[in-house]
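Novice: Structure in structure tokens, see below.
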Ligand SMILES: O=CC(=O)O
């Protein structure tokens, strides 16, 4: 509990208690977005948000919109701001006195700069553009607010001076995007693959690029192994068999194959590929790989081209970056080399595989099966695959777990903090 002097309208001398029931982070967000920033961008229109508004209003005897049918935020957006800004300062000061000195220190650093409040508050947080398609939101974005001053429009006046951008999911970063951002020096990708970022143009303009580093690697590797086990043991198909009531009618289900002992070729031995290899060795598989260059630290046999890797593999697991060189790296020749019993797992990008050819091979039984998390034209999946029990389909999910998003958040913050303090970046993008 802390104390705060209430100096605004109503009862000028009364001291009110600051309730500790409110989550600090939400209060911060509230202070930044509503009180100081004076606007709500929609992120906090939620029950938690409304609770905070309500509690603040009650504590400070401020006017409240009595009409419950209207969101409180609407009312607050039209309320004059200065008193609230003062309140935020008092609150920060108050916290500084108690055992929350650290929080308050951080809070002072978080205070947003708004020209209309310039004499009252100061904001030292670096400016960062969150660049995202409407359908892609950065997971845990609110956690960045204490560290960075975020905005999300290329049309905003801040665009001309912003030095760092977070690229959310597959949001394209093109020449046109970069033309809006003359001061940009860093693109922080939130994905492992960065085929949606014009890397050549970034390099030409001296813009560094980072990706998700190791944040997703274990999750994607788990998923690749899960897809492979599913294809080999026909788990999803067996599940459908039971659910559709066919077991009592048809009895035995066709045998699946053992994973141990398979020769697995990994296409792209980056951090995901390494994790896949580790897991498959534990299952008793033999592992070989192809990547742009032989890795001095890798003990697995190296094949300089995917065709030769396929000839010597029962399974290909595709987890390399999509580039001009790797587009359709799994083509008709590679599929032929893999053979009728061969299995393809793709957790990289759809366009790494010539999808039309793959569909033909699967439909005609010229390949053993496939586990696909990615497709050439997402979210559209070739309908011919729906009827095939030796194919496991997944909606681009391999990276997504709460744990991987937590890890991603740390990588993003670490990269931005390193950049703004002129230290080496945590996960500069490297092509495998
Ligand atoms: O596909 C997801 C990613 O590249 O992170």
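The values are calculated or read from the model by the stated rules, or taken from the named source; none is laboratory data. Computed from a predicted model, the values in this text were never measured in an experiment. Counting neighbours? That spans all protein chains shown, and the Cβs are built from the backbone with ideal geometry, glycine included.
One line per residue, one yes/no per condition, for (1) closer than 27 Å to residue 343 by Cβ; (2) out of contact with any strand residue (DSSP E or B) (no Cβ under 8 Å at 6 or more places or on another chain):
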| position | (1), (2) |
| --- | --- |
| 163 | no, no |
| 176 | no, yes |
| 209 | no, no |
| 215 | no, yes |
| 220 | yes, yes |
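Novice: Out of (1) crowded, with 21+ Cβ neighbours inside 10 Å; (2) in a helix (DSSP H, G or I), the odd one out for residue 281 is which?
Specialist: (1)
A quick yes/no check of all residues on (1) more than 28 Å from the chain's Cα centre (by Cα); (2) part of a loop (DSSP other than H, G, I, E, B); (3) farther than 20 Å from residue 218 by Cα:
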residue: 273; (1), (2), (3): no, no, no
residue: 289; (1), (2), (3): no, no, no
residue: 292; (1), (2), (3): no, yes, yes
residue: 295; (1), (2), (3): no, yes, no
residue: 309; (1), (2), (3): yes, no, yes
residue: 313; (1), (2), (3): yes, yes, yes
residue: 317; (1), (2), (3): no, no, no
residue: 328; (1), (2), (3): no, yes, yes
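Novice: In segment 223-253, what count of residues is obtained for those that are closer than 20 Å to residue 344 by Cβ and surrounded by fewer than 16 Cβ atoms within 10 Å (Cβ to Cβ)? Please lay out each step first, then the result.
Specialist: Keep residues of segment 223-253 that are closer than 20 Å to residue 344 by Cβ, which gives 223-237.
Still in the running and surrounded by fewer than 16 Cβ atoms within 10 Å (Cβ to Cβ): 233, 235.
The total comes to 2.
Per-residue answers, yes or no, for (1) away from the ligand (no atom under 16 Å from the Cβ); (2) part of a strand (DSSP E or B); (3) not assigned by TED's automatic domain parsing to the domain that holds residue 190:
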| residue | (1), (2), (3) |
| --- | --- |
| 362 | yes, no, yes |
| 365 | yes, no, yes |
| 370 | yes, yes, yes |
| 374 | no, no, yes |
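Novice: Still on this model: Select from segment 376-398 the residues that are within 16 Å of the ligand (Cβ to nearest atom), in a strand (DSSP E or B) and touching a residue at least 24 places away in the same chain (Cβ under 8 Å) and list them in ascending order. Working first, answer last.
Specialist: If we filter segment 376-398 for residues that are within 16 Å of the ligand (Cβ to nearest atom), which is where we start, we get 376-379, 381, 393-398.
Going one step further and asking which of them are in a strand (DSSP E or B), we end up with 377, 393.
377 - this is the single residue of segment 376-398 that is within 16 Å of the ligand (Cβ to nearest atom), in a strand (DSSP E or B) and touching a residue at least 24 places away in the same chain (Cβ under 8 Å).
Novice: For the structure I just gave you, tell me whether residue 362 is over 21 Å from residue 269 (Cα atoms) and touching a helix residue (DSSP H, G or I) at 6+ places or on another chain (Cβ under 9 Å).
Specialist: Details: over 21 Å from residue 269 (Cα atoms): yes; touching a helix residue (DSSP H, G or I) at 6+ places or on another chain (Cβ under 9 Å): yes.
So residue 362 passes the test.
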